[in-house]
Amino acid sequence: MPGTDENITKALFATPAGQYGDDYRYHSLRQYQMYVEMADRVSNRRMLANSFFVGMNTAVVGALVFALRAGLITTRALVLAPACAAILMCAAWWMMVLSYRQLNAGKFRVILAMERGLPLAPFSAEWIALEADRSRRDYLQITRVELLVPWLFAGIHVALTIAILVRAF
């Protein structure tokens, strides 16, 4: 199986320390530092993308409410087009969050494997600490909440569209 911990470890430690040379430990530590930084950058990009989608969805809701109050909605198309676009945007947002979740999961599996060759293993210890506080089943990962937000916005768009159509037409 390609994604097993054993295969990750084999791929990660492809060159034994004895073959690599004197700088093995130093280079391993530097690569670990860079890889953890890359994982952090992915998380930052993920948060920026979430901020973008929250802003766009809020703008669509605000624009529809403003247009309704200003009497600018004269046809169903002026309600349905932005609502459909917003719902599609929510679906794209959900897929993006799912993709980032998978990417981060892979990165952290590699980080945990890298820690096996280092003197300290802070990420491994963090998971042990989380499991000690409560079971993994009870641990609410942020990604699970993140995956709900696009659907909540989609629900808002549907409810708002129905309310506008009922009221205006």
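When only alpha carbons are used to place a centre, region 17-57 and region 71-87 end up 42 Å from one another. Computed about its Cα centre, the charge dipole of the chain is approximately 660 debye, with only Lys, Arg, Asp and Glu carrying charge at their Cβ.
Using DSSP to define loop residues, name the chymotrypsin sites (Phe, Trp or Tyr not before Pro) in region 1-51 whose beta-carbon has at most 16 other beta-carbon atoms within 10 Å. Spell out each step's value before the answer.
Numbers: sites: Phe13, Tyr20, Tyr24, Tyr26, Tyr32, Tyr35; in loops: Phe13.
Those that pass, being in a loop and sparsely packed, are Phe13.
What is the ratio of the Cα radius of gyration of the chain to 2.2 N^0.38 Å, with N the residue count, to two decimals?
On the way: Rg = 23.4 Å, N = 169, 2.2 N^0.38 = 15.5 Å.
Taking N as the residue count of the chain, the ratio is 1.51.
Looking at region 89-120, the trypsin sites (Lys or Arg not before Pro) that sit in a DSSP loop and have at most 16 other Cβ atoms within 10 Å of their own Cβ are Arg116. Only Cα pairs under 8 Å and 6+ residues apart enter the sum, and on that basis the relative contact order of the chain stands at 35 percent.
Positive-end ranking of Pro150, Val166, Met96 along the dipole of region 47-168, with charges on Cβ about the Cα centre, is headed by Val166.
Its Cα centre serving as origin, region 18-80 has a Cβ charge dipole (Lys and Arg +1, Asp and Glu -1) of approximately 420 debye. For the chain, the fraction of 1.4 Å probe accessible surface lying on carbon and sulfur atoms is 66 percent.
What whole-number value in Å² describes the accessible area per residue of the chain for a 1.4 Å probe? Working shown, then result.
On the way: 11140 Å² over 169 residues.
About 66 Å² of surface per residue is accessible.
Scanning the chain for long hydrophobic helices, with DSSP H runs required to stretch 24 angstrom or more by C-alpha along their axis and to average at least 0.5 on the Kyte-Doolittle scale, returns 77-115, 142-168.
The values are calculated or read from the model by the stated rules, or taken from the named source; none is laboratory data. Predicted, not measured: the structure shown is a model, and the values here were computed from it. For neighbour counting, all protein chains shown are included, and Cβ atoms are generated from backbone atoms with ideal geometry for every residue, glycine included. The area values use the complete protein model at the heavy-atom level, side chains included, leaving out ligands, DNA and RNA. Shrake-Rupley method; radii C 1.70, N 1.55, O 1.52, S 1.80 Å.
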